1. Using a probe radius of 1.4 Å on heavy atoms only, what accessible surface per residue do you get for segment 117-218? Whole Å² is fine.
2. Among (1) 18.6; (2) 21.0; (3) 23.8, find the value of mean projected area of the Cα convex hull in nm² that was calculated from the structure presented, and write down its label.
3. If you split all Cα-Cα distances of segment 25-108 into 10 Å bins from zero, what percentages do you get per bin, shortest first?
4. Accessible surface of H115 in the full protein assembly, 1.4 angstrom probe, to the nearest 10 Å²?
5. Along Cα→Cβ, 7 Å out, is where each label goes; now give me the distance between the ones at D178 and I122 in nm to one decimal.
6. Which of G264, G25, G119 moves most in a GNM of the chain, Cα contacts under 10 Å?
7. For Y53, list long-range residues whose amide hydrogen, built 1.01 Å from N in the peptide plane, is under 5 Å from its own amide hydrogen.
8. Using a 1.4 Å probe over the heavy atoms of the protein chains, calculate the carbon and sulfur portion of the accessible area of the chain as a whole percent.
Amino acid sequence: MIDKLEMFLAVAKEGHFGRAAQTLGITQPSLSAGIKQLEESLGVLLIFRGSRYGGLTPEGQSALVWARRIVGDARQLRDEMRAVRHGLSGRLRIAVVPTALTWAARLAARYGAAHPNVGFSILSRSSAQILQMIEDLEVDAGISYLDNEPLGKVSAVPLYDEAYALVAPQDHPLAGRDRVAWSALDGQRLCLLTPDMQNRRIINRRLTDAGVTPLAMVESNSTVVLVSQVLAGGWLTILPQDIAGFLAQGKPLSLVPMEGEGPGHAVGLIAPWREPHTPVLEALLTEARRMVR
């Protein structure tokens, strides 16, 4: 039953039988047979299909909620039994907003020092993708914004509040200032994260509040690309100070704090709401709390 539910989750996620079979490493006929057996076992049609995938039936939508819960519980049982026998081991999958990747690296390093048998897969994703991946059981946890857009029901450990910096070539007129007002960016050549990134939406609001049209002639979902664009000359970008300092280190760039009122938006570790968490995930949440203290 667990295997069949895994198949069902894969089809619901991919919206395509061929791609779902590929992600599971099985043939499409095996996948189709597994879904049919699951439907026969439950006594309902889960997926509309003719010559191709046609979406979930109403019963399939309800079954999807249960499938996520059951598969999640089965994975938790597996992890707990493995921890009892072998100690903490396995692999943690974490999706992280691009501006928080340095914090993800620090957390993984601290965790790895304490639990060397646990590996990490760290993926750069938008905040919306992170929530969806957690819901779809694709990742175990995420690092994302906590207070800017709805998160739903998750466990959360605040890590830091964002403070923003202008990243500029050292010879740029704004590079010599102690602080830069958001209004001073009017008419400047900006390169910023893509609009699907929550950080970009935050930056857009700051610029709009200052009377500046948030227009970027170069956009990327990579902070490395943005800093490289500034290095190419004549461009400016705005990034949280932590990732900006890391990327600009040793380069002919200036970091100038942006003027702002009060603390920036909170960023933290989020995980599925589940009591108890798996031993591996609970140790991650504990390490995050220790790191902040």
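The values are calculated or read from the model by the stated rules, or taken from the named source; none is laboratory data. Being a predicted model, the structure only gives us computed values, none of them experimental. All Cβ positions, glycine included, derive from the backbone under ideal geometry; neighbour counts span all protein chains shown. Protein only, heavy atoms only, side chains kept; ligands, DNA and RNA dropped before computing areas. Shrake-Rupley method; radii C 1.70, N 1.55, O 1.52, S 1.80 Å.
1. Values: 4680 Å² over 102 residues.
Result: 46 Å² per residue.
2. (1)
3. Spelled out bin by bin, segment 25-108 gives 13, 27, 27, 24, 9 percent.
4. Per-residue accessible area (H115): approximately 50 Å².
5. 3.5
6. Result: G25 has the largest fluctuation of those listed.
7. The answer is F17.
8. Percent of accessible area from carbon and sulfur atoms in the chain: 52.
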